[in-house]
1. For the stretch 104-129, give me the residue count where each residue is buried (at least 19 other Cβ atoms within 10 Å of the Cβ) and closer than 20 Å to Asp74 by Cα.
2. Restricting the stretch 96-116 to residues that are within 10 Å of the ligand (Cβ to nearest atom) and among the hydrophobic types (A, V, I, L, M, F, W, C), which is nearest to the chain's Cα centre (by Cα)?
3. If you scan the stretch 142-152, which residues turn out to be crowded, with 21+ Cβ neighbours inside 10 Å and near the ligand (Cβ under 6 Å from one of its atoms)?
4. If you take the residues of the stretch 53-72 that are closer than 14 Å to Arg128 by Cα and among the charged types (D, E, K, R), which of them is nearest to the ligand (Cβ to nearest atom)?
5. Yes or no: Thr223 modelled with pLDDT of 95 or more and either part of a helix (DSSP H, G or I) or in contact with a helix residue (DSSP H, G or I) (Cβ under 8 Å, 6 or more places away or on another chain) (or both)?
6. Being free of Cβ contacts under 8 Å to residues at least 40 places away in the same chain and not charged (D, E, K, R): is that true of Gly60 here?
7. Are any residues in the stretch 120-141 out of contact with any helix residue (DSSP H, G or I) (no Cβ under 7 Å at 6 or more places or on another chain) and more than 7 Å from the ligand (Cβ to nearest atom), and if so, which ones?
Amino acid sequence: MMRFDIITIFPDFFREAFDYGIIRRARAAGLVEITAHDLRRWTHDKHRQVDDRPFGGGDGMVLKPEPLFEAVEDLTGANVRGSFDKRTRVVLLSPQGRVLTQAVARELATEAERIILICGRYEGVDERVAEALVTDEISIGDYVLSGGEPAAIVLVDAVTRLIPGALGSETSAVNESFSEGLLDYPHYTRPPDFRGMRVPEVLLSGNHQEIARWREERARRKTERNRPDLLK
Ligand code: 9D3
């Protein structure tokens with residue numbers, strides 16, 4: 001059983017996020033458990049303060065270290081980074097992280113049984129969290145989000161579907177090794193003529209060798225146009 005614990009100041013953001021499709025099925029099958037925790041639960045003051053002004057000046061607020069350290073200590077029973085079970089990862093979602101790829105998702109799915117996700121905010125997280133608490137700092141790509149919450153959903157989705165048993169039998173292995181080299185080929189279903197837009201004749205031909213060649217050619221063409229970096 002893989003366990004995800006998401007630490008966030010917006011737990012409601014995740015209310016239905018994992019209630020659909022493959023992730024819902026994996027949860028129902030007991031393959032994965034996903035919990036979103038309110039960071040304010042680990043504050044002690046009247047105002048339940050999770051952030052404070054940056055030393056050195058500047059705009060915005062920085063997430064304080066104490067609630068984050070207490071949260072992770074409480075969830076794991078450990079009290080320093082070195083004392084986590086080696087199958088526990090503490091992931092900080094931040095624009096400064098290494099980029100999430102299929103290889104990173106595969107690494108987490110195979111090496112971890114417990115993943116604690118800390119959602120950063122626009123203004124930042126006290127660096128002592130990244131240095132002394134976090135095992136992996138991960139970004140989902142080169143664009144600016146307003147916080148780590150959408151990234152947490154993406155990471156949980158990408159990792160959960162790689163847990164053995166999470167995908168139906170007809171999906172998985174064969175299909176996915178292909179999709180890592182090239183983009184997918186175009187798909188069509190009925191009707192064969194929709195408002196004058198016709199399904200390519202070869203797909204109606206029943207010639208499976210020709211169909212395979214057509215798909216490969218179209219996958220290559222789409223990859224050249226949209227993702228030339230994948231061909232290098
Ligand atoms: C002003 C400099 N910005 C850093 C590049 C500040 C900043 C922008 C956005 C600080 C935090 C954020 C909030 N984003 C995330 O927490 C985040 C994120 C992202 O913005 N892009 C891609 N992946 C991620 S994972 C977490």
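The values are calculated or read from the model by the stated rules, or taken from the named source; none is laboratory data. All values reported here derive from a predicted model rather than from experimental measurement. Note that each Cβ is placed from the backbone with ideal geometry, even for glycine, and that neighbours are counted across all protein chains shown.
1. 10
2. So the residue we want is Leu100.
3. Result: Gly148, Ala151.
4. Lys64
5. yes
6. No.
7. Of everything in the stretch 120-141, those that are out of contact with any helix residue (DSSP H, G or I) (no Cβ under 7 Å at 6 or more places or on another chain) and more than 7 Å from the ligand (Cβ to nearest atom) turn out to be Val125, Glu127, Ala130, Glu131, Val134, Asp136.
Table: residues versus (1) part of a strand (DSSP E or B); (2) touching a residue at least 12 places away in the same chain (Cβ under 8 Å); (3) aromatic (Phe, Trp, Tyr).
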site	(1), (2), (3)
Arg98	yes, yes, no
Glu107	no, no, no
Glu123	no, yes, no
Glu137	yes, yes, no
